Amino acid sequence: MKWKGRTKSGNVSDRRIGGSKTAIGGVGIAVLLIYTLITGDPSALLGNLFNGGSNNNEPLTAEEVEMGDFVSVILADTEVVWRKVFAEYDEVYQPAKLVLYRNTTDSGCGTASSNVGPFYCSIDQTIYIDLIFYKDLKTRFNAPGDFAMAYVIAHEVGHHIQYQLGILEKFYDLRSQVSTIEFNELSVRLELQADYLAGVWAHHIQGMGYLEEGDLQEAITAAGAVGDDRIQEQSQGRVNPDNFTHGTSEQRVRWFKKGFESGNLDDFDTFSAETLYFRNALLIA
């Protein structure tokens, strides 16, 4: 991706030197369960959170500095794209904030841990990323490339868009009204919609001339690599669809591609899409 020398976002906070850790509350747990990209197992997630981590005061390496710059440029790109798209629908886009950290840091949803992976906290409208996840993409998920990480950031920004449009509020309101299996299915719909929104962003980035050969495939590979079925197979040796919270590899790739092809919000309603079996419909006005 052509990113060096371009405008950076003013909404990035770098906490990679220092940091802090606190206990996590019930709301924080709920948010983190939804937005972790790397596991669909709540027990593993909670274990990672309460095991904690150590602060890291070591100076940033040249690679870490460059990755921070990259993330800031990508966030700036999302701001440009979504301001434009929102304006087409007579809406005003309010940019998300983003925090870079090492090991652990405080968030509006409780403790952010590198074991959780990138996530969006709707309480403070902030994305939290420990950039060790970039290495995880390359090694654990076999999804290398800068545009693979760009896809991850765009996906999390997708959750911020859902917050702005009132979708997250409706989603959380259903938590006490449905079973765990049904809520997991709602979560899959929510995550696939964020993948669609990441695809819309990529569509506009291509139109701006920033994509290089192979970039789109990097994002597609990353979307497929973090499918629930693939992660469960790798970590547990078996697949349990009832525990899916993000969608299968095929679904995640399909909805990212759909957003990339459309470039708009006209077809982003995953909650009423007939291509997914769904026990309880969530209608979005």
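For LEU131, the test of being of a type in the set (A, V, I, L, M, F, W, C) and in contact with a helix residue (DSSP H, G or I) (Cβ under 9 Å, 6 or more places away or on another chain) is passed.
Filtered by the rule that a residue be small (Gly, Ala, Ser) and under 13 Å from the mean Cα position of the chain (by Cα), segment 103-123 gives GLY117, SER122. Within this structure, GLN206 fails the test of being buried (at least 19 other Cβ atoms within 10 Å of the Cβ), closer than 23 Å to VAL80 by Cβ and at pLDDT 95 or above.
Applying the criterion of being of a type outside the set (Ser, Thr, Tyr) and without any contact (Cβ under 8 Å) to a residue 12 or more places away in the chain to the residues of segment 168-182, the residue that is farthest from ASP269 (Cα to Cα) is GLN177. Taking the condition buried (at least 23 other Cβ atoms within 10 Å of the Cβ) and either among the charged types (D, E, K, R) or at pLDDT 95 or above (or both), does TYR93 pass? Against the criterion (buried (at least 23 other Cβ atoms within 10 Å of the Cβ) and either among the charged types (D, E, K, R) or at pLDDT 95 or above (or both)), TYR93 does not qualify. THR126 satisfies every condition listed in (1) within 12 Å of the chain's Cα centre (by Cα); (2) buried (at least 24 other Cβ atoms within 10 Å of the Cβ); (3) not aliphatic (A, V, I, L, M) except (2).
The values are calculated or read from the model by the stated rules, or taken from the named source; none is laboratory data. Nothing here was measured: the structure is a model prediction, and the numbers come from that model. Note that we place each Cβ from the backbone using ideal geometry, even for glycine, and neighbour counts take in every protein chain shown.
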